[in-house]
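I have placed the structure first, in the form of structure tokens, so that the comments after it can refer back to it.
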Amino acid sequence: MQLVAGGNIALVSETVEILIKTSVSTQIELDLTAYLLAQSTQKVRGDQDMIFYGQAQTPNQSVVLVQSTSNDPYLTQLKINTALLDPEIQKVTLCATINEPNNFSRISPIHMELLSGSQIIANAVVETQAKTEKALILAEVYKHNDKWKFRFINQGFNGGLKPLAENFGVVIEETQSNIPPTPTPTPTPTPTPTKSSLNLSKIKLDKNNSRINLTKKGTGFGKILVNLNWNKSAPKSESFFQKLTRSNSIDLDLGAMVQLKDGSIDLVQPLGNRFGHFEQVPYIKLDADDRTGASINGENLYINGNQWDRIERIVIYAYIYEGAAQWAATDGVVTIRLPDQPEIEVRLTEGNQLTTCAIVELKNINGEIQANREVRYFKDQQFLDKFYRFGFRWTQGSKD
């Protein structure tokens, strides 16, 4: 079914996916956000009801945002399980924002697909050529007469992410920005939290900005997520890595070398089935091994930030288990997300034929986390180990 603005369709399944497709130049950042709105106020109840790049899911995974790591094509999913939504939540609104000084006329039309199971049940297109706004309200999943429905909205909104979030009742931390407030629709008066810890900023570590220090907010840093993702835009007949190498065995893996305060060292990586531990030494756990690159979630590594005082340093790296590829062509990106902290992003913008890349080093500097962009390439993990002076003893390993 092709929907026009205002068109809706009943949902027959508790679980649905909204797939967003477009094409964006490398100078433009397109971000999706979702807002869980209470029936009584049509506003969020607090920070926990906003889903964005720095907070990609609700605690019970009723709403999960899987953000794109590639601009061309740009592919992002919003997954909603209506059965898991709090009964007070009667609507989930999906929006898109674009970075200054750009607007939506700078990107290709946005194609939306609504999936129930693996079946596409509705399509919609946002024609962007004449849109001068920096934010769009795309669609909503809402409850009507005790049944859930999907509506295509396609409504422009002046201003970027901050005024859009505030329109839905989110209280944002004040920053040093000198940008004057942008007029927004007058909201219905509603009580708002007196304090917000939500941070909408994103820090990109590159050659010109290669270091950032993060300070604890409370007793620890909480659960730290390190995500590795890369381009998965190849046609079904041939994978992205097959195009690069004409090989069926390409496997990009995430790993970490850690040194604790007591001088001990440990290694976390799929090779050798060293998946680590979260609640005990080395306080790092590899969630899964995406051997094919088919998972849109990529690979995830979790660091126990509440044990940061016991950790001296961590080097996060990626390696190609089999085959060879141009690193820059993978459009690889590592994203580090900490509770109540800016999201940190490191892209693999350079590359060569060496199989191992040290991406970022996390150092304990007087209890703070100092994140240093590395993006250094080595023949294998043993050479990386030698450069960073961990001192592991290496033997041939396998993931089988």
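The values are calculated or read from the model by the stated rules, or taken from the named source; none is laboratory data. None of these values were measured; they are calculated from a predicted model. Neighbour counts are summed over all protein chains in view; Cβ atoms, including those assigned to glycine, are modelled from backbone coordinates with ideal geometry. We work out accessible area using only protein heavy atoms, side chains counted, and drop any ligands, DNA or RNA first. Shrake-Rupley method; radii C 1.70, N 1.55, O 1.52, S 1.80 Å.
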**Request:** Could you tell me whether VAL315 is closer than 20 Å to GLU374 by Cβ and either crowded, with 19+ Cβ neighbours inside 10 Å or modelled with pLDDT of 90 or more (or both)?
**Result:** yes
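If you go through the range 31-44, how many residues are open to solvent by 10 Å² or more (accessible area, probe 1.4 Å) and of a type outside the set (S, T, N, Q)? Working first, answer last.
Of the residues in the range 31-44, the ones open to solvent by 10 Å² or more (accessible area, probe 1.4 Å) are 31, 39-44.
Now drop any that are not of a type outside the set (S, T, N, Q), which leaves 31, 43-44.
Qualifying residue count, the range 31-44: 3.
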**Prompt:** Any residue in the range 18-28 that is charged (D, E, K, R), in the same structural domain as THR76 (by the TED database), buried (at least 18 other Cβ atoms within 10 Å of the Cβ) and at pLDDT 90 or above?
**Reply:** no
**Asked** Just one of PHE387, PHE378, PHE383 is over 26 Å from the mean Cα position of the chain (by Cα), farther than 28 Å from GLN57 by Cα and crowded, with 18+ Cβ neighbours inside 10 Å; which is it?
**Response** PHE378
**Request:** Under 6 Å between Cβ atoms, at least 6 apart or on separate chains: pull out the pairs that start in the range 333-348 with a residue that is closer than 15 Å to LEU252 by Cα and not assigned by the TED database to the domain that holds GLU29 and end on any residue that is open to solvent by 10 Å² or more (accessible area, probe 1.4 Å) and of a type in the set (Ser, Thr, Tyr).
**Result:** VAL333/THR69
**Message:** Just the residues that are assigned to a loop (DSSP other than H, G, I, E, B), small (Gly, Ala, Ser) and without any contact (Cβ under 8 Å) to a residue 60 or more places away in the chain, please, taken from the range 148-170.
**Reply:** GLY159
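Mind listing whichever residues of the range 207-229 are in contact with a strand residue (DSSP E or B) (Cβ under 7 Å, 6 or more places away or on another chain) and in a loop (DSSP other than H, G, I, E, B)?
Here is the first cut: in the range 207-229, the residues in contact with a strand residue (DSSP E or B) (Cβ under 7 Å, 6 or more places away or on another chain) are 210-215, 221, 223-229.
Within the range 207-229, SER210, THR215, PHE221 qualify.
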**Item:** Residue in the range 93-102 that is over 19 Å from LYS202 (Cα atoms) and at pLDDT 95 or above present
**Value:** yes
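Yes/no matrix, rows are residues, columns are (1) open to solvent by 20 Å² or more (accessible area, probe 1.4 Å); (2) touching a Leu at 6+ places or on another chain (Cβ under 7 Å):
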| residue | (1), (2) |
| --- | --- |
| GLY46 | no, no |
| ASP49 | no, yes |
| ASN60 | yes, yes |
| ASP86 | yes, no |
| CYS95 | no, yes |
| SER105 | yes, no |
| ILE110 | no, no |
**Request:** Please specify each residue of the range 349-383 satisfying the condition of being over 17 Å from ASP253 (Cβ atoms), touching a residue at least 60 places away in the same chain (Cβ under 8 Å) and aliphatic (A, V, I, L, M).
**Result:** ILE365, ILE369, ALA371
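How many residues are part of a loop (DSSP other than H, G, I, E, B) and either at pLDDT 90 or above or over 28 Å from PRO109 (Cβ atoms) (or both) if we restrict to the range 39-81?
Start the filter on the range 39-81 by keeping residues that are part of a loop (DSSP other than H, G, I, E, B), which leaves 39-46, 53-54, 56, 58-62, 67-73.
Pick out the ones that are also either at pLDDT 90 or above or over 28 Å from PRO109 (Cβ atoms) (or both) and you get 39-46, 58-62.
Here the count works out to 13.
Quick one: which of ALA324, ALA329, ALA294 is modelled with pLDDT under 90 and open to solvent by 50 Å² or more (accessible area, probe 1.4 Å)? Explain how you work it out, then say what you get.
Details: ALA324 fails: open to solvent by 50 Å² or more (accessible area, probe 1.4 Å); ALA329 fails: open to solvent by 50 Å² or more (accessible area, probe 1.4 Å).
Just a single option satisfies the conditions, and that option is ALA294.
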**Message:** So, in the range 62-84, how many residues would count as being open to solvent by 30 Å² or more (accessible area, probe 1.4 Å) and under 17 Å from TRP148 (Cα atoms)?
**Reply:** 4
